[in-house]
Amino acid sequence: MYDSIIIGAGLAGLTAAEELASAGHSVVVLEARSRVGGRLENAELSNGQVIELGGQWVSEGHEELRSLIASQGLELVDSTEGDVVVKARGRVSHVTNSSSSAHTLSPFELSDLGQGLLRFRRLADRVANNKGWTTANGTWLNQSLSQWVVSNVRTDAGREYITNLFRRAFGVFPDDTTLLDGLTKANSGVDLESLVAVNGGLKQQRVKGGVAQVARNLAERLGEDLKLSCPVRSIHADGGTVTVATSIGTEYQGRSVIVTVPPRLLKEIEFDPALPAERLEMAEKVPAGNVIKAYLVYDSPWWRTSGASGQMGADEGAVRVIFDTSDDETGRGVLMGFFEGTEASGYGKLSVSLRQRAFEEVVESAFGEAPSSPIEYLDRDWLSEPYTGGCHGAHFAPSLWTATGPILAQPLGRVLFAGAEYASSFNGYMEGALRAGARAAQEAVDLL
């Protein structure tokens, strides 16, 4: 009998296994796929260059992830310098990449900015979906956008950043624009969170050779205690014992089980006793995002000749966010972009060649005509992955997390839960998965 059975070999599951094994407890990790990593996945281009089909970016404040990367001797690579292309309301403009500016946001300022953007997005959703509330709060919504920023963003750097963001994304001056006008523009313009991600203000970095190496390194320590191609069919908790049965006919017994599958996939596992109705209802309300992550490969990073960084944010088009992920050692130019939401749904039904052409058209509309055709294209449709069911992370509707989100991570006797969507901080991020895995491991220790 194991001290803990862990379902899923993503970052949360592997972290929980590492924590428990290091404390001297016996564990077994059951992974449905033939590989580890979950939503972290590396692939190779024809020349051997590694690209990342899943999670990729490491930001300031991701302390646990950065510590783990450093402990494994992996190297972080900075984003490409240069102008960011912003496509808004049919107009293409270049914005100086703030990663090269004198001031870089600290983790505290970054958190402050993130909270401000979250509040702004929730208000924009309410304005779009609740006309009665909008009418009733007309006077309050008539305050200037800058007044709202002062009240909702605490740090000077955060206020300066979000003010400049409004100017770039919407072409407005917050002192002369009402909050309602700003919210209305947000519902029809560039996604602010995406623009922050691409413009370098978050000092995002990536792991040389791919962040999936982190998961593989953790998995290597498990040896035979890692079981691949082993989908879980049922979990039966009886007194002090938990029995986990797989679809390939094997059974495992333990004193606890840590479930790390995305919330909506909980319904694919038979629980005995059954999960409470409110847990299943909550899981149904947090569907994963719909994303196709795509790569275009050129002979060279030709967009840099015009001073562009290869990064783009747009308010329309098949691909609305683009990053330069070129490997300077190979000399090739590699652009990564996302088909998201309705675009992912539509293009996911089309052929790979049509998706490639759509991506090419977006690239040329942003950076100009390419000197030659791409030499390679590769993408991953995460919604079609049966053991993931979508990416990046789960989508919480406005107020849903505050009201009922913590229910998702509450232990049910000896059945524990961990993963990016179950994290109380950095929810939806790799950092959140690490923290949730460590928290679940401690809960398992407490049971023992």
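Can you give the calculated 222 nm mean residue ellipticity of the chain, where each DSSP H run of n ≥ 4 adds -39,500 (n - 2.57) and the sum is split over every residue, rounded to the nearest 500 deg cm²/dmol?
-10500 deg cm²/dmol
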Positive-end residue of V29, A157, Y252, charge dipole of the chain with Cβ unit charges: A157
Keeping the other protein chains in place, figure out the carbon and sulfur percent of the accessible area of the chain, with a 1.4 Å probe. 48
With label points set 7 Å from each Cα along the Cα-to-Cβ direction at S384 and N47, the distance between them in nm comes to 2.7
Set the Förster distance to 45 Å, then compute FRET efficiency between N142 and S424 from the Cβ-Cβ distance, nearest 0.05. 0.80
Check I258: other-chain or 5+ apart residues with amide H under 5 Å from its amide H, H built from backbone geometry? I5, I6, I7, L416
Which one, N130, N290, N152, has the greatest fluctuation when you compute a Gaussian network model over the chain with C-alpha springs under 10 angstrom? N130
Quick one: which residues, 5+ away or cross-chain, put their amide H under 5 Å from the amide H of N290? H built at 1.01 Å from N. G341, C391
List the residues, sorted by chain then number, that are 5 or more residues from T178 or on another chain and whose placed amide H is less than 5 Å from its amide H. L145
Once fully extended, how much extra length lies between V92 and T342, figured as 0.36 nm per residue of separation less the alpha-carbon to alpha-carbon distance? 87.7 nm
How long is the gain from S151 to E63 if the chain were fully straight, where each residue apart is worth 0.36 nm and the alpha carbon distance is subtracted? 28.8 nm
Positive minus negative residues near W133 (Lys, Arg vs Asp, Glu; Cβ under 14 Å): +2
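In Å², and per residue, what accessible area does the chain have when probed at 1.4 Å with the other protein chains present? Can you show the working numbers first?
Working: 19010 Å² over 448 residues.
Accessible area per residue: 42 Å².
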Structure-derived semi-axes √(5λ) of the Cα gyration tensor in Å: which label, when the choices are (1) 42, 29, 17; (2) 42, 27, 21; (3) 38, 28, 20: (3)
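If I stretch the segment between L412 and A277 completely, what's the gain in nm (0.36 nm per residue apart, minus their alpha carbon distance), one decimal?
The span from L412 to A277 would gain 47.3 nm if fully extended.
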Using r as the Cβ-Cβ distance of R119 and R221, and R0 as 51 Å, what FRET efficiency do you calculate, to the nearest 0.05? 0.80
Between the modelled labels at A70 and L228 (7 Å from Cα along Cα→Cβ) the distance in nm is 3.1
DSSP H segments from the chain that extend 20 Å or more along their own axis, Cα-based, with Kyte-Doolittle mean of 0.0 or above: 352-367, 430-447
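The values are calculated or read from the model by the stated rules, or taken from the named source; none is laboratory data. What you are looking at is a predicted structure, and each value in this text was computed from that prediction instead of being measured. No Cβ is skipped: glycine too gets one built from the backbone with ideal geometry, and neighbour counts run over all protein chains shown. For accessibility, only protein heavy atoms count, side chains too; no ligands or nucleic acids. Shrake-Rupley method; radii C 1.70, N 1.55, O 1.52, S 1.80 Å.
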